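Participant: Right, I'll just put the structure down here and ask away after.
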Amino acid sequence: MTKTKLQPAAKPAKPVLLSGGNPQIAKGEGDAPVQAYIAAMPGWKQGVGRRLDELVVAAVPGVRKAVKWNSPFYGAPGQEGWFLSFHFFTKYVKGTFFRGQSLSPVPPGESKSQDTRYLDIREDVELDEAQLSAWIKQASKRPGEKM
């Protein structure tokens, strides 16, 4: 009979933080990569990421999730494409509504893309959760952006 010496499980490596503290998480579909992304976010941004994810889940039951290009993406259940993404920079969190021009009221941040609108969330500015939830619900009913 051969005896095998068991090795302790290796601790997973901490994700690399890119410029602005954006975590480098392997792309993947589902909630697990998004939660890993949020857990890797530094400082105040982690709380923002967690709250944004909670708002999306509450507004869009059965929402699809993924991490692509070091950002969480959200898609409506039963639809192709994505209606919302978030990306984290040094001083703010940028929400991207891919069909934001069709939302009411239109989110404030302009884009070079005709349809896309942005919402910048800063540490010291209170988030209007009611408005954000309304935009999330509206955006989830628009055709998704295929990527």
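Participant: For the structure I just gave you, tell me whether SER104 is touching a residue at least 40 places away in the same chain (Cβ under 8 Å) and either touching a His at 6+ places or on another chain (Cβ under 8 Å) or hydroxyl-bearing (Ser, Thr, Tyr) (or both).
Facilitator: So SER104 fails the test.
Participant: If you go through region 102-145, how many residues are assigned to a loop (DSSP other than H, G, I, E, B), over 14 Å from TRP82 (Cβ atoms) and of a type in the set (S, T, N, Q)?
Facilitator: Residues meeting the conditions: 3.
Participant: While we're on this one: Does TYR118 meet the test of being surrounded by 19 or more Cβ atoms within 10 Å (Cβ to Cβ) and within 29 Å of VAL16 (Cα to Cα)?
Facilitator: No: the conditions fail for TYR118.
Participant: I need a count of the residues in region 64-93 that are under 12 Å from the mean Cα position of the chain (by Cα) and surrounded by 16 or more Cβ atoms within 10 Å (Cβ to Cβ).
Facilitator: 18
Participant: Could I ask something else about it? Mind telling me which of the residues GLU80, GLU54 ends up being under 13 Å from MET147 (Cα atoms) and either part of a loop (DSSP other than H, G, I, E, B) or among the acidic types (Asp, Glu) (or both)? Even if it seems obvious, please write down each step before you answer.
Facilitator: Details: GLU54 fails: under 13 Å from MET147 (Cα atoms).
Sole residue among the options that is under 13 Å from MET147 (Cα atoms) and either part of a loop (DSSP other than H, G, I, E, B) or among the acidic types (Asp, Glu) (or both): GLU80.
Participant: Of everything in region 76-95, what is free of Cβ contacts under 8 Å to residues at least 24 places away in the same chain and of a type in the set (S, T, N, Q)? Give them in sequence order.
Facilitator: Correct list: SER85 only.
Participant: Restrict the check to region 89-98 and report whether at least one residue is touching a Pro at 6+ places or on another chain (Cβ under 7 Å), of a type outside the set (Asp, Glu) and either at pLDDT 95 or above or under 17 Å from LEU132 (Cβ atoms) (or both).
Facilitator: yes
Participant: Does PRO72 fit the bill of being touching a strand residue (DSSP E or B) at 6+ places or on another chain (Cβ under 6 Å) and in a loop (DSSP other than H, G, I, E, B)? Break it down into steps so the answer makes sense when it comes.
Facilitator: Details: touching a strand residue (DSSP E or B) at 6+ places or on another chain (Cβ under 6 Å): yes; in a loop (DSSP other than H, G, I, E, B): no.
Considered against the rule, which asks whether it is touching a strand residue (DSSP E or B) at 6+ places or on another chain (Cβ under 6 Å) and in a loop (DSSP other than H, G, I, E, B), PRO72 comes out as no.
Participant: Taking region 34-63 only, how many residues are modelled with pLDDT of 95 or more, surrounded by 15 or more Cβ atoms within 10 Å (Cβ to Cβ) and not charged (D, E, K, R)?
Facilitator: 9
The values are calculated or read from the model by the stated rules, or taken from the named source; none is laboratory data. Keep in mind that this is a model prediction, so the values were computed, not measured. For neighbour counting, all protein chains shown are included, and Cβ atoms are generated from backbone atoms with ideal geometry for every residue, glycine included.
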